[in-house]
Amino acid sequence: MINPSKPKIWYGGDYNPDQWEKPIWDEDLRMFKLAGIDVATLNVFAWAYNQPNENTYEFGWLDEMMDKLHGDGVGVCLATSTAAHPAWMAAQYPDVLRVDFDGRKRKFGGRHNSCPNSPTYRKYSVLMADRLAERYKNHPALLIWHISNEYGGYCYCDNCAAAFRVWLQERYGSIEVVNRVWNTGFWGHTFYEWNEIVPPSSLNEEWRGHNGRTASNFQGISLDYCRFQSDSLLECYKLEYAAIKQHTPDVPITTNLMGAFKELDYHKWAKHLDVVSWDNYPSLDTPYSYTAMMHDLMRGLKEGQPFMLMEQTPSQQNWQPYNSLKRPGVMRLWSYQAVARGADTVMFFQLRRSVGACEKYHGAVIEHVGHEHTRVFRECAELGAELFKLGDSLLDARVQAKVAILFDWENWWAVELSSGPTVALKYVNELHKYYDSLYQANIAVDVIGVDADFSGYDLVMAPVMYMVKQGIAKRLESYVKDGGKFITTYFSGIVDENDKVVLGGYPGELRKLLGIWAEEIDALLPSQSNSMLMKAGIDGVQKSYLCGMLCDLIHSEGAEVLAEYGEDFYKGMPALTVNRFGAGEAWYVATSPEAAFLQDWLPKLCAESGIEPLLASAPDGVETSLRVKDGQQFLFVMNHNAAASAISLREKSGIDLLTGQELQGDHVLPGRDLWIIKLNA
């Protein structure tokens, strides 16, 4: 439980009273009560308001609002306001301003506008966090701290260059080691002094290639700069964290993450968050399974611990190309999708819609009309009443899965910094294909890091495991030898953690486990495809499936060949293999198959391991998830379709927590509706 002083699913969101005149405050509080809002996030972007100059701090407005909210029974998620520095700071201390990818010094403006290695930024952000924590450490409204906001963005200034050299010295010890791991003998890049090293940018090693993807002459340099910038921003967070903990050691601290956000290694960040929180902003056409995978990714950052849904929009967004309204019922359904997958809060950006600037068209609980007589407000109030009714029944309940998919930020960086073999390869998309096939089959999946414990899973999948870090191959061998099933794919086992090719044949350190050798990798044009011909078929039915993008030309070294390519000069070469290794199996999918293959094959593989779906069958567009608390199971059945869907619960039965209805056998679930079934034993 995040904070036992409010034992229910928290309901609320970002509130910016500093942007409004005081007469509006009381009206907002009146409507918060009507909507069931019981948590407000304050002070996210109020640094300039709180500190008008270097030596002056003014918190009167915040004192008043903290007291008002507490008086109305609303708790506070208190932000440190350090997500955007004040204008006076940029004017007096230019080192706080970032330098962009093209070498341009930024002016004041925007947000994420502070250099993470600026002494000025670090000094004043820590002072702000310290003053806030000292001032509000005993305030009864304080529930949790929220440091900065949506960290991100890289900097290429001289401060970052100097800090990068220090980071490299701490990581590698000597410049000789740096030269070796970066392979600087290529193109005459050998470094003899630390000050010869500069950040990789468009001025030297990197460029924006196809589809906006960053490419690099020296992947090792660029990979380390990604690590360094992620670490630099994390260090800023940790400095504020330490300042706050001196005053409030028992109050949890978080910062809001953003799902599959490429720039930051969230597995590393999660170690320093008391609770993971994240902001969920799918588009109208985002696959429901992709949103589910993002929730599962956030839950997996801290080994299944419940997370906070920190932000979502009540309806409309402002920054996407097409900012569609959420149709009636969708906000409620997507809120429960987060809860179903481990969220213990439902929060919005924003509670009152901004009057000006770029977020004035971003939806809010309270719209520009300023009263409660809107569709959005009614839906928010109805959800607030339901969450109040649920109480603490779902708090700290856990999702249990016997299948895991490995997600590795450093591997993602390396795959997409690569100078080949195809620009079509998108790491997250390939992971989602495997995840989606089990989502469609109602099979629970955890999304975990490569350092996680594999032993609790019957099946572990690692699509496109291009980078194999030190010790991972041995851990996978032990896992499979003890009876686990492991799946990886084409373009795996190619490089070590420094993006240097492992010599001796692909897939490098995985070769023994997989029982195959990959000789070449063919990149197909978007207009091309090949086929996978199943030798024995799935369920005894011989079948052919399309495949494409990349095709590994592999040879068996003991692995059984289950499918072969159907076309081109490598017709008849293996496309799918399995290697019996100890008591387990290691599978290799040598190409990127069509979804139909994964939807046929993966559920069958799960069934062979005794992994059962949460529902034996469900119509397309119906999602399931299970949370467990003290042995009690809660089955979520969510209908994303606009039309009603017939659902067969078969042997399952229980009471829907939302309606009190007893459910068993066959029922019809209305469109964009759900059940939360407290299952009978």
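The values are calculated or read from the model by the stated rules, or taken from the named source; none is laboratory data. Predicted model only: the values in this text are computed from it and were never measured. With ideal geometry, Cβ positions are generated from the backbone for all residues, glycine too; neighbour counts draw on all protein chains shown.
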Which residues, taken from the range 79-94, are touching a Ser or Thr at 6+ places or on another chain (Cβ under 8 Å) and surrounded by 18 or more Cβ atoms within 10 Å (Cβ to Cβ)?
A79, T80, T82, A83, A84, H85, M89
Kindly list the number of the only condition in (1) surrounded by 14 or more Cβ atoms within 10 Å (Cβ to Cβ); (2) within 24 Å of L438 (Cβ to Cβ) that fails for R650.
(1)
Filter the range 1-52 down to the residues that are part of a loop (DSSP other than H, G, I, E, B) and surrounded by fewer than 17 Cβ atoms within 10 Å (Cβ to Cβ) and list them by number.
M1, P4, S5, P7, W20, E21, P52
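Restricting attention to the range 462-475, which residues are surrounded by fewer than 22 Cβ atoms within 10 Å (Cβ to Cβ), small (G, A, S) and not in a loop (DSSP other than H, G, I, E, B)? Spell out the reasoning first.
Residues of the range 462-475 that are surrounded by fewer than 22 Cβ atoms within 10 Å (Cβ to Cβ), as a first pass: 469-475.
If we keep only those that are small (G, A, S) too, we end up with 471, 473.
A473 - this is the single residue of the range 462-475 that is surrounded by fewer than 22 Cβ atoms within 10 Å (Cβ to Cβ), small (G, A, S) and not in a loop (DSSP other than H, G, I, E, B).
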Would you check which residues across the range 515-573 are within 19 Å of S492 (Cα to Cα) and either of a type in the set (V, I, T) or not assigned by TED's automatic domain parsing to the domain that holds E430 (or both) and list them?
I516, I521, I554, V561
Do we have any residue at all in the range 254-263 that's part of a loop (DSSP other than H, G, I, E, B), of a type in the set (D, E), buried (at least 18 other Cβ atoms within 10 Å of the Cβ) and outside the structural domain of W412 (by TED's automatic domain parsing)?
no
Taking the range 476-533 only, how many residues are among the small types (G, A, S), at positive phi and outside any helix (DSSP H, G or I)?
5
So is L273 assigned to a loop (DSSP other than H, G, I, E, B), among the aliphatic types (A, V, I, L, M), free of Cβ contacts under 8 Å to residues at least 60 places away in the same chain and buried (at least 21 other Cβ atoms within 10 Å of the Cβ) or not?
yes
By residue number, the members of the range 626-647 that are more than 27 Å from the chain's Cα centre (by Cα), closer than 17 Å to N442 by Cβ and surrounded by 13 or more Cβ atoms within 10 Å (Cβ to Cβ) are S645, I647
Residues to consider are D265, D224; find the one that is over 20 Å from M298 (Cα atoms) and modelled with pLDDT of 95 or more.
D224
Within the range 276-299, residues out of contact with any helix residue (DSSP H, G or I) (no Cβ under 7 Å at 6 or more places or on another chain), part of a loop (DSSP other than H, G, I, E, B) and aliphatic (A, V, I, L, M) come out as L284
Would you check if I554 is surrounded by 23 or more Cβ atoms within 10 Å (Cβ to Cβ), assigned to a strand (DSSP E or B) and β-branched (V, I, T)?
yes
The correct count of residues that are within 18 Å of V495 (Cα to Cα) and assigned to a loop (DSSP other than H, G, I, E, B) in the range 400-422 is 7
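Output yes when any residue across the range 188-202 is closer than 23 Å to H112 by Cβ, charged (D, E, K, R), assigned to a helix (DSSP H, G or I) and modelled with pLDDT of 95 or more, and no when none is.
So in the range 188-202, the residues closer than 23 Å to H112 by Cβ come out as 198-202.
Filter again for charged (D, E, K, R), leaving none.
Scanning the range 188-202, I find no residue that is closer than 23 Å to H112 by Cβ, charged (D, E, K, R), assigned to a helix (DSSP H, G or I) and modelled with pLDDT of 95 or more, so the answer is no.
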Taking first residues from the range 72-83 that are in contact (Cβ under 8 Å) with a residue 12 or more places away in the chain and second residues anywhere that are of a type in the set (K, R), the pairs with Cβ under 8 Å that are 6 or more apart or on different chains are D72/K33; G75/K6; A83/R111
For the range 338-370, name all the residues that are of a type in the set (A, V, I, L, M) and assigned to a loop (DSSP other than H, G, I, E, B).
L351, V355, A357, A364, V365, V369
Subset of the range 407-432, residues surrounded by fewer than 22 Cβ atoms within 10 Å (Cβ to Cβ) and either in the same structural domain as W269 (by TED's automatic domain parsing) or closer than 13 Å to A462 by Cβ (or both), comes to W412, E430
